[in-house]
Amino acid sequence: MSETLKIAVQKSGRLYEGSMKLLKECGIEVSNGNNQLRVTASNFPIEVFFLRDDDIPEYVQDSVADIGFVGENVAIEKNKEVETIKKLGFGKCRLSIAVPKSGELQSISDLKGKKIATSYPFILSNFLNEKNISASIHEISGSVEIAPRIGLAEAICDLVSSGSTLFTNELKEIETILKSEAILISNKNLSEGKKVILESLLFRLNAVRKAKNNKYVLLNAPNENLNTICKLLPGMKSPTILPLAEEGWSSVHSVISETDFWNIIEQLKANGAQGILVIPIEKMIV
Ligand code: ATP
Ligand code: ZN
């Protein structure tokens, strides 16, 4: 592999930590010690560009970068010719419409003829068109949450995660327009060499992601219930069963998914399983 894949990452802000952590979990070493614009990884054919998140979709479209980690909200708003490859599982938030807590606006139908402040005019206007609501959109680039208090708009459309910013500004959410998380986007015309590097990166991203969604489980099971317990724990192929020194008992090892976790644990206990240990998995290659 003589080519290098150029990846755009947010320079600083809410996606920076998650992006760097993900690269690290993929075994890619990137040091951004001197606040540089671009850094080449020491052990993988990748070059990281540190940019403002708003610029990432355009740079990926124009081949300044080949791929990028960016919020789905930004990718949709910028509406560039790029490919969405996969969701990355961090940077979760939602784009919502909010109004003053104590005002007369209660639902989106009350927004007719009102002014809404946002940094997401494209997504908001699509939403309003779809709902047949004619309201005027006032685009501002930051501190959207103060717009109603200073008389700039009656409502806002902004990103929310915990809701604490809305709370502090005496606003309440009345509608979620979009649920977002960080995604991997790609240029549409990657060279064959770059595609090979991207495949290798995706293989690692999938192994990291799969590991996060699964747990390694060890437990002691009475032999008479082994069949039922094994059916609850399919594992990657099938569970590993080892006899315990104590007659009539076995140790069972397997992998279960995070989503089924509590449900399965309860059924295991109901079938006499004891000493259940649940251990995080670092990488998972199936
Ligand atoms: P930049 O200087 O790169 O333009 P920014 O101020 O536009 O940064 P951040 O506030 O760092 O951007 O947010 C980057 C992304 O993080 C958002 O586009 C969104 O995808 C995600 N995000 C997650 N939670 C939140 C939140 N509570 N508020 C805003 N963004 C969030
Ligand atoms: Zn930004």
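Against the condition at pLDDT 95 or above and under 25 Å from ILE67 (Cα atoms), how does LYS114 come out, does it pass? If you could, list the steps in order and put the result at the bottom.
On the way: at pLDDT 95 or above: yes; under 25 Å from ILE67 (Cα atoms): no.
No, not satisfied.
Hey, among the residues in segment 162-171 that are part of a loop (DSSP other than H, G, I, E, B) and modelled with pLDDT of 95 or more, which one's farthest from ligand 1 (Cβ to nearest atom)?
Applying the first criterion (part of a loop (DSSP other than H, G, I, E, B)) to segment 162-171 yields 162-163, 169-170.
Within this subset, residues satisfying the condition of being modelled with pLDDT of 95 or more are 169-170.
On the way: ASN169: 13, GLU170: 18 Å.
Looking at residues that are part of a loop (DSSP other than H, G, I, E, B) and modelled with pLDDT of 95 or more, I get GLU170.
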Exercise for the section: Examine segment 81-92 for a residue that is at pLDDT 95 or above and part of a helix (DSSP H, G or I), and state whether such a residue exists. Expected result: no
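Can you go through LEU198, LEU184 and tell me which one is surrounded by 15 or more Cβ atoms within 10 Å (Cβ to Cβ) and in a helix (DSSP H, G or I)?
Details: LEU184 fails: in a helix (DSSP H, G or I).
The match here is LEU198.
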Exercise for the section: Confirm whether SER2 is free of Cβ contacts under 8 Å to residues at least 24 places away in the same chain, away from ligand 1 (no atom under 16 Å from the Cβ), over 19 Å from LYS188 (Cβ atoms) and surrounded by fewer than 21 Cβ atoms within 10 Å (Cβ to Cβ). Expected result: no
Practice task
Considering each of PHE49, PHE69 in turn, give the residue that is surrounded by 17 or more Cβ atoms within 10 Å (Cβ to Cβ), closer than 15 Å to LEU22 by Cβ and within 16 Å of ligand 1 (Cβ to nearest atom).
Solution key: PHE69
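Can you go through ILE116, ILE174, ILE150 and tell me which one is assigned to a loop (DSSP other than H, G, I, E, B) and not hydroxyl-bearing (Ser, Thr, Tyr)? Spell out how you get there, then give the answer.
On the way: ILE116 fails: assigned to a loop (DSSP other than H, G, I, E, B); ILE174 fails: assigned to a loop (DSSP other than H, G, I, E, B).
Residue meeting the stated conditions: ILE150.
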Exercise for the section: Might you check whether a residue that is at pLDDT 95 or above, within 14 Å of ligand 1 (Cβ to nearest atom) and touching a helix residue (DSSP H, G or I) at 6+ places or on another chain (Cβ under 6 Å) occurs anywhere in segment 37-46? Expected result: no
Handout entry: Residue match in segment 185-204 (condition: outside the structural domain of ASP260 (by TED's automatic domain parsing), in contact with a Cys (Cβ under 7 Å, 6 or more places away or on another chain) and farther than 26 Å from GLU81 by Cβ)
Key = yes
Practice task
Could you please find all residues in segment 7-33 being closer than 22 Å to THR84 by Cα and either outside the structural domain of GLU58 (by TED's automatic domain parsing) or among the aliphatic types (A, V, I, L, M) (or both)?
Solution key: ILE7, ALA8, VAL9, LEU15, MET20, LEU22, LEU23, ILE28
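Using the structure shown, decide if ALA221 is farther than 30 Å from GLU25 by Cα, of a type in the set (A, V, I, L, M, F, W, C) and surrounded by 14 or more Cβ atoms within 10 Å (Cβ to Cβ). Outline the logic, then answer.
Details: farther than 30 Å from GLU25 by Cα: yes; of a type in the set (A, V, I, L, M, F, W, C): yes; surrounded by 14 or more Cβ atoms within 10 Å (Cβ to Cβ): yes.
In short, yes.
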Exercise for the section: Kindly indicate whether SER109 is over 26 Å from the mean Cα position of the chain (by Cα), among the hydroxyl-bearing types (Ser, Thr, Tyr), over 10 Å from ILE156 (Cβ atoms) and part of a helix (DSSP H, G or I). Expected result: yes
Practice task
Taking the residues in segment 219-273 that are among the polar types (S, T, N, Q) and under 25 Å from ILE285 (Cβ atoms) as candidates, determine which candidate is nearest to the chain's Cα centre (by Cα).
Solution key: THR259
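State whether the residues of segment 235-247 include one that is touching a Pro at 6+ places or on another chain (Cβ under 9 Å) and either of a type in the set (Val, Ile, Thr) or crowded, with 16+ Cβ neighbours inside 10 Å (or both).
We begin by selecting, within segment 235-247, every residue touching a Pro at 6+ places or on another chain (Cβ under 9 Å); these are none.
The answer is no, given that none of the residues of segment 235-247 is touching a Pro at 6+ places or on another chain (Cβ under 9 Å) and either of a type in the set (Val, Ile, Thr) or crowded, with 16+ Cβ neighbours inside 10 Å (or both).
Please verify whether segment 278-286 includes one or more residues that are among the basic types (Lys, Arg) and assigned to a helix (DSSP H, G or I).
Filtering segment 278-286 down to residues among the basic types (Lys, Arg) leaves 283.
Next, only the ones that are assigned to a helix (DSSP H, G or I) stay: none.
No, there is no match, as no residue in segment 278-286 is among the basic types (Lys, Arg) and assigned to a helix (DSSP H, G or I).
With respect to SER19, is the statement that it is assigned to a loop (DSSP other than H, G, I, E, B), within 20 Å of LYS92 (Cα to Cα), under 21 Å from the mean Cα position of the chain (by Cα) and within 16 Å of ligand 2 (Cβ to nearest atom) true? Quick ask: steps written out before the conclusion?
On the way: assigned to a loop (DSSP other than H, G, I, E, B): no; within 20 Å of LYS92 (Cα to Cα): yes; under 21 Å from the mean Cα position of the chain (by Cα): yes; within 16 Å of ligand 2 (Cβ to nearest atom): yes.
Taking the combined requirement at face value, the residue does not satisfy it.
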Fill in the blank from the handout: Within segment 72-90, of all residues that are within 16 Å of ligand 2 (Cβ to nearest atom) and over 16 Å from GLU181 (Cα atoms), the one surrounded by the most Cβ atoms within 10 Å (Cβ to Cβ) is LYS80
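The values are calculated or read from the model by the stated rules, or taken from the named source; none is laboratory data. Bear in mind that the values here come from a model prediction, so they are computed numbers and not experimental data. Every residue, glycine among them, receives a Cβ derived from its backbone with ideal geometry; neighbour counts consider all protein chains shown.
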